[in-house]
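Student: Right, I'll just put the structure down here and ask away after.
The values are calculated or read from the model by the stated rules, or taken from the named source; none is laboratory data. None of the values given here were measured: they were computed from a predicted structure. The protein model used for the area step is the full one, side chains on, heavy atoms only, and it has no ligands, DNA or RNA in it. Shrake-Rupley method; radii C 1.70, N 1.55, O 1.52, S 1.80 Å.
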Amino acid sequence: MGNDIAAQIDPRDELVTHLGVLRAFALSLCRNGTLADDLVQETVMKAWKSIDSFEVGSNMRAWLFKILRNTYYTSYAKARREVADVDGVMGENVAVKPDHDGRLAYADFLKAFEQLPDDQREALTLVGASGFAYHEAAEMCGVATGTIKSRVNRARQRLIELLDLSPDDSLELTDRGTMAVVVAGQSVRRG
């Protein structure tokens, strides 16, 4: 008869009766009241979600303690792998620009690039985007090395003006993917 009554009681109702001992156990593990409260809350949430796996009639307190203990050690192990970066120095070193910044800069670059004369676009594509040496680009275009250097320099200066950059700003594209698009999307034009 006792088992019939236990089977009728919803295990969710029993959860709240163990909050005090759960908090005491959490405090013994983490020694911080705020963290202990968070740990108890997370334990109760996990228990609530998986209440169907609780075997009615078994020891609810032991089941909750096991969840709390596993949650604590999982978060502890995770925290050990994390680096505290209070002043943001580490974050600045690993931060990446959002993708949309690269696309916007690339769109602006393409507009400016299209305004260059054909010979300057050709020289800049060969030397800047494709990575050929000046003498190699000169040989491909059938002009002197100095002519290629001059065309590249004039093209860079014009891009600085068109993109409203200071002479110290970098004209490098944001990533290799963008560079590959430039190389693949530009046909070498001869003037």
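Student: Suppose accessible area is computed on protein heavy atoms with a 1.4 Å probe; arrange Tyr76, Tyr134 from highest to lowest.
Tutor: Values: Tyr76 105, Tyr134 75 Å².
The residues order as Tyr76, Tyr134, largest area first.
Student: Give the lysines whose C-alpha is closer than 20 Å to that of Lys78, dropping any in the same chain fewer than 8 places away, or say none.
Tutor: By straight Cα distance, Lys78 reaches Lys46, Lys66.
Student: Taking a 1.4 Å probe, which of Asp52, Asp118 shows the most accessible area, and what order do the others take after it?
Tutor: Final ranking, largest accessible area leading: Asp52, Asp118.
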